[in-house]
Amino acid sequence: MTSGREAAPTRIDTARPHPARVYDWWLGGKDNYPVDEELARKILAVDPTVRRGARANRRFMHRATRTLAQAGVRQFLDIGTGIPTEPNLHQVVQGVALEARVVYVDNDPIVLRHAEALLRGTAEGTTDYVHADVRDPDTVLALAAESLDFAQPIALSLIALTHYLGDEVHDLLKRYVEALTPGSHLILSQVTPDLNPEAVEKAAGLFRQSGTPFFPRSLAEFSRFFEGLELLGPGVIPVSGWRPDPQDVAAQAEGIVPVYAGVARKA
Ligand SMILES: C[S@@+](CC[C@H](N)C(=O)[O-])C[C@H]1O[C@@H](n2cnc3c(N)ncnc32)[C@H](O)[C@@H]1O
């Protein structure tokens with residue numbers, strides 16, 4: 001089953017760049033506009049790792065969600081999904097367990113456009129889409145609860161999303177994690193200034209100038225997101241190093257990307 005629910009603006013705004021569409025350009029997609037391409041190219045010029053970073057985030061999503069599906073998790077709530085690229089999260093986890101239930105959440109109208117067409121799950125499981133803002137947890141949780149059973153473990157993922165959130169991120173993560181039952185997991189990745197400070201600061205400045213707040217975070221700041229949870233090995237680490245597949249090892253040889261990642265369990 002696939003359905004969509006809307007609790008955010010639905011009109012596509014082509015007057016200013018949007019993160020989902022800029023990211024799509026880096027990934028080689030076609031769902032972007034000249035304003036997005038212009039910003040994507042400017043950022044690529046100051047930080048040549050951004051394309052590899054986008055691919056590394058997608059691959060981290062594959063590895064982290066597959067790992068949890070193989071460990072028995074059957075429900076997935078993915079906030080800040082982005083424009084679909086194959087394989088999407090539901091294809092990864094339903095490849096492990098046909099009955100896996102997935103709810104995607106994003107606030108970008110262009111992602112909503114793709115939800116109906118692309119997010120097709122198995123007959124045994126469910127794939128659902130909620131068009132809402134992560135900063136509205138009551139709405140996100142209420143709509144997600146129409147498909148997911150919050151009395152059972154859920155893997156909550158915010159991959160490459162928290163760098164668009166300021167200090168409100170702490171209360172938001174707390175609120176989301178409180179809604180999860182023990183045995184649930186939190187999957188996160190986020191841009192850091194630690195590994196390439198000059199390039200990341202320039203890239204963040206370009207995002208901000210274009211109207212998108214952007215907050216790179218240090219290892220200590222990012223690690224704080226997992227407070228009170230049990231980190232799975234290898235802990236908080238540059239994204240391609242999280243339980244790498246052979247292709248990630250090959251990608252690491254091209255150089256490190258300034259993104260941290262981690263997965264933790266609620267005890
Ligand atoms: C960089 S993309 C990451 C996409 C995907 N998670 C991945 O790693 O490949 C960030 C996504 O977060 C979404 N996003 C940004 N701010 C958001 C918000 N306040 N609420 C919901 N989604 C948001 C954007 O629309 C975009 O699709």
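The values are calculated or read from the model by the stated rules, or taken from the named source; none is laboratory data. Just so you know, these numbers come straight off a predicted model, no measurement behind them. Because the Cβ atoms are built from the backbone with ideal geometry, glycine has one as well, and the counts that use them run over all protein chains shown. Heavy atoms of the whole protein, side chains included, go into the accessibility calculation; ligands, DNA and RNA do not. Shrake-Rupley method; radii C 1.70, N 1.55, O 1.52, S 1.80 Å.
A few comments on the model shown:
- The alpha-carbon of K266 sits under 25 angstrom from the alpha-carbons of these lysines, leaving out residues fewer than 8 places away in its chain: K174.
- With every protein chain in place, the range 58-150: carbon and sulfur % of accessible area (1.4 Å): 48 percent
- Per-selection Rg to Rh, the range 74-153 - Cα, Kirkwood hydrodynamic radius: 0.94
- For the range 121-204, the solvent-accessible area with a 1.4 angstrom probe is 37 square angstrom per residue.
- Over the chain, the reciprocal of the mean inverse Cα-Cα separation, the Kirkwood hydrodynamic radius, stands at 18.4 Å.
- For the chain, calculated [θ]222 nm from helices alone, where every DSSP H run of n ≥ 4 adds -39500 (n - 2.57): -11500 deg cm²/dmol
- Residue-level accessible surface for I12, protein heavy atoms, 1.4 Å, Å²: 30 Å²
- Peptides 138-144, 215-221, 243-249 ranked from most to least packed, by the mean per-residue count of other Cβ atoms within 10 Å: 138-144, 215-221, 243-249.
- Relative contact order %, the range 1-113, counting alpha carbon pairs below 8 Å whose residues are six or more apart: 30 percent
- Global geometry of the range 1-104, whether rounded, prolate or oblate, following the gyration tensor of its Cα atoms and the 1.5 cut on a/c: oblate
- Counting only aspartates and glutamates at least 8 places from K202 when in the same chain, those with an alpha carbon closer than 19 Å to its own are D36, E37, E38, D47, D194.
- Rounded to the nearest 0.05, the FRET efficiency derived from the C-beta distance between Q152 and E124 at R0 = 25 Å is 0.95.
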